[in-house]
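Below: one structure, written as structure tokens.
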Amino acid sequence: MSKNSRDQKIFGSKIVRALPKRSLWYSTFIIFIFLVIMNGINVPNVIAARAGYTGSIPMFTLDVLPGYSPAYLAEVLSTYGEAGRSAYATSLMTLDMLFPISYGVFFALLVRRMYLNLNVPVGLVNAMIAMPLLSMVLDWIENSTFVYLISVYPVQPLAVAQFVSLVTLIKVSLYALTIISLVFGLGLMWKQRKSPAVEIA
């Protein structure tokens, strides 16, 4: 299969062609800025502290866990207190609505670029590109659900708490699988460089 033919079958070919040639570099820069904001400077915790939150549990603790019990969810929201919950909701609906776009687009572009010339079935490549994009959508669903639970606090509907835990678990799992696919892709790139005559399937 020629490079152009393969490119057209891989997800996002029309979108990528419409983007600037350095889109991957631009998305790399944007995600770097967000990582500095969210983890380096830790703006959500700064916002919470200025709002009066003095608890020991950091903002976005729930977002990175591979699932959690409804009891732990209730404990975290309780520990946040009114000031912490308000700051958390603000961060969820602002910074954390934009951050998923940055990592979703970045990883989708990176996976696409990495696997474009590798001997991997197009269907599998499309599935790997879809993972960070689905993770992005799940992040938005997770954020909206957290905001809902904060709005009805101290009432904590069990079904909603279980639902958001599942969403977080799937989101984190897809993110981990994306990282694994990139590591696997690096291995294939190294192998293909050792055997440059390999055909693209």
| field | Tally of residues being over 17 Å from D63 (Cβ atoms) and open to solvent by less than 40 Å² (accessible area, probe 1.4 Å) across the stretch 174-186 | value | 3
| message | Name the single residue that is nearest to the chain's Cα centre (by Cα) among those in the stretch 53-64 being of a type in the set (A, V, I, L, M, F, W, C), within 16 Å of M38 (Cβ to Cβ) and assigned to a loop (DSSP other than H, G, I, E, B). | response | F60
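I'm trying to understand the selection: among the residues of the stretch 106-135, which are under 13 Å from the mean Cα position of the chain (by Cα) and farther than 14 Å from L174 by Cα?
Of the residues in the stretch 106-135, the ones under 13 Å from the mean Cα position of the chain (by Cα) are 106-108, 129-135.
Passing the criteria: only F106.
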| said: Looking at Y88, Y103 in this structure, which one is under 27 Å from Y26 (Cα atoms), among the aromatic types (F, W, Y), open to solvent by less than 60 Å² (accessible area, probe 1.4 Å) and assigned to a helix (DSSP H, G or I)? | reply: Y103
| field | Tally, over the stretch 40-87, of residues that are closer than 24 Å to L174 by Cα and in contact (Cβ under 8 Å) with a residue 60 or more places away in the chain | value | 10
| message | As an exercise: evaluate I10 against (1) touching a helix residue (DSSP H, G or I) at 6+ places or on another chain (Cβ under 6 Å); (2) modelled with pLDDT of 95 or more; (3) not charged (D, E, K, R) and give the number of the one condition it does not meet. | response | (2)
| note | Matching residues in the stretch 138-157 (under 19 Å from Y72 (Cβ atoms) and not aromatic (F, W, Y)) number 11
| request: Could you tell me which of the residues A201, A161, A197 is modelled with pLDDT of 95 or more and out of contact with any strand residue (DSSP E or B) (no Cβ under 8 Å at 6 or more places or on another chain)? | output: A161
| query | Which residues, counting only those in the stretch 1-48, are open to solvent by less than 70 Å² (accessible area, probe 1.4 Å), among the β-branched types (V, I, T) and assigned to a helix (DSSP H, G or I)? | reply | V16, T28, I31, I33, V36, I37, V43, V46, I47
| remark: When Q156 is run through (1) assigned to a loop (DSSP other than H, G, I, E, B); (2) more than 20 Å from T61 (Cα to Cα), the failure sits at (2)
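The values are calculated or read from the model by the stated rules, or taken from the named source; none is laboratory data. Since this is a predicted model, take the numbers as computed values, not measurements. As a convention, Cβ positions derive from the backbone with ideal geometry for all residues, glycine included, and neighbour counts pool all protein chains shown. The protein model used for the area step is the full one, side chains on, heavy atoms only, and it has no ligands, DNA or RNA in it. Shrake-Rupley method; radii C 1.70, N 1.55, O 1.52, S 1.80 Å.
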